[in-house]
Amino acid sequence: MAAGYRFTDFVPEEPQDKGFEALLQIFLQLITLTAGDVAEAMSWMSELDKKFNLTDDSYGLGDFFEDLKKNGYIDDKGPDGQFKLQAKGEQKIRKSALEEIFGKLKKGGKGNHNTPKTGIGDEPSADQREFRFGDAAEQIELTESIRNAQIEHGIGDDFFLTEQDLEVTEREHKSQTSTVLMIDISHSMILYGEDRITPAKKVAMALAELVKIKYPKDNLDIIVFGNDAWQITVKDLPYLMVGPYHTNTVAGLELAMDLLRRRKTSNKQIFMITDGKPTCLKEGLKYYKNSFGLDRKVVNKTLNLAAQCRRLGIPITTFMIATDPYLQQFVEEFTQVNNGQAYYSGLQGLGDLVFRDYGRNKKKRM
């Protein structure tokens, strides 16, 4: 008999821990899916509880809801007394997204970007070299310097140390980076039976928390683009929803360039998460729209901005969460004009790609 696979219905294991922390992890996932609607998230939890026994007689959903209020995750100060997330709840969602997508990252150092340059830098490296004029006194490695002196001059009563004996720890320069994250909120982000906006939100929240914890000197601006483009804050991310919009990539790029123009850092970059082609332009007070194929007028304007970013030294990394060949062809042309990078990602791999590219760009001077 040939070996094969036997398919059966998936029966999830009943959760062992039914306390507050276990329920909180489920709540954080649901509150992201419901765009910050506490009541809807709790309604979903009730349905899941009926099906998968999330709670027991000793700790129920009512207890969990009271603990959410008591611990400062939600309050009833919304419109008409509706419950809404507090700042602690919003931060917890970002931390949960960071752990889910990027793993357990620890806060370390100043959190800046490495550059190839060394000398009087910001952070010690593993390398050592001879002392040079201008090196700081705290860079001197006393043990190595004394050992050099003993080898050169002996260890008798006339022991002495010269400048040639000194060794210093090399220091790496760190660079500050300004990043604009562009998120497509056009209607196609929820079409075709696939929720693409929730993974995009999670990646944005995780990246924001990563920058805050690990790279506090970096600047991260977040913008969304549909028919128009506008800037949002990290605080707005859990509530982000798709609108009945076309895709005005031009407006998004123009706003991103304007934000980066105000930043005084030498390293600047744009990350763009999208699932489709540009289909819209703003001409005065009117919108020019064409969702049928690649419109030459819209595409050329988009490519012109990609070239302008290249001249300004602003690389654009595009994370394309769609696999249509003609859309990939557009992204390839867009990337070539900008001299940037492009990834064609499934929703599951999106976070890894964003993190990897952000980290890599931190280690080179753009």
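The values are calculated or read from the model by the stated rules, or taken from the named source; none is laboratory data. This structure is a prediction, so every number in the text was calculated from the model and none was measured. In this analysis, Cβ positions are derived from the backbone assuming ideal geometry, glycine residues included, and neighbour counts consider all displayed protein chains. For the accessible areas, the whole protein counts, side chains as well, though only heavy atoms, and no ligand, DNA or RNA atoms are used. Shrake-Rupley method; radii C 1.70, N 1.55, O 1.52, S 1.80 Å.
Some notes on this structure:
- Probe 1.4 Å, accessible area per residue of segment 176-329, Å²: 42 Å²
- Close amide H partners of Ala322, meaning residues 5 or more places away or on another chain with modelled amide H under 5 Å apart, are Ser345.
- Cβ-defined net charge surrounding Arg94, 9 Å radius [Lys, Arg +1; Asp, Glu -1]: +1
- Cα-based Lys pair tally, segment 20-85, threshold under 25 Å, eight or more apart or on separate chains: 6
- Dipole moment magnitude, nearest 20 debye, segment 161-221 about Cα centre, only Lys, Arg, Asp, Glu C-beta charged: 460 debye
- Computing FRET efficiency as 1/(1 + (r/R0)^6) for Gln336 and Leu285, where r is the C-beta to C-beta distance and R0 is 30 Å, gives about 0.35.
- On segment 177-364, 52 percent of the accessible area sits on carbon and sulfur atoms, based on a 1.4 Å probe.
- Linear extension gain, Glu47 paired with Leu61, 0.36 nm per residue minus alpha-carbon span: 3.9 nm
- Charge sum, other residues only, whose C-beta stays under 12 Å from Ala41's C-beta, Lys/Arg counted +1 and Asp/Glu -1: -2
- Here the calculated FRET efficiency for Ile151 and Tyr344, from their Cβ-Cβ distance with R0 = 45 Å, stands at 0.20, rounded to the nearest 0.05.
- Sum of side-chain charges, Glu332 neighbourhood, beta-carbon under 13 Å (Lys, Arg +1; Asp, Glu -1): -1
- Around the Cα centre of segment 177-364, unit charges on the Cβ atoms of Lys, Arg, Asp and Glu (plus for the first two, minus for the last two) sum to a dipole of about 880 debye.
- Extension gain, Gln82 back to Arg296 (0.36 nm per residue minus Cα-Cα distance, nm): 72.3 nm
- Accessible area (Å², 1.4 Å probe, nearest 10) - Leu24: 0 Å²
- Relative to the current alpha-carbon distance between Asn304 and Thr265, full extension at 0.36 nm per residue lengthens the span by 11.7 nm.
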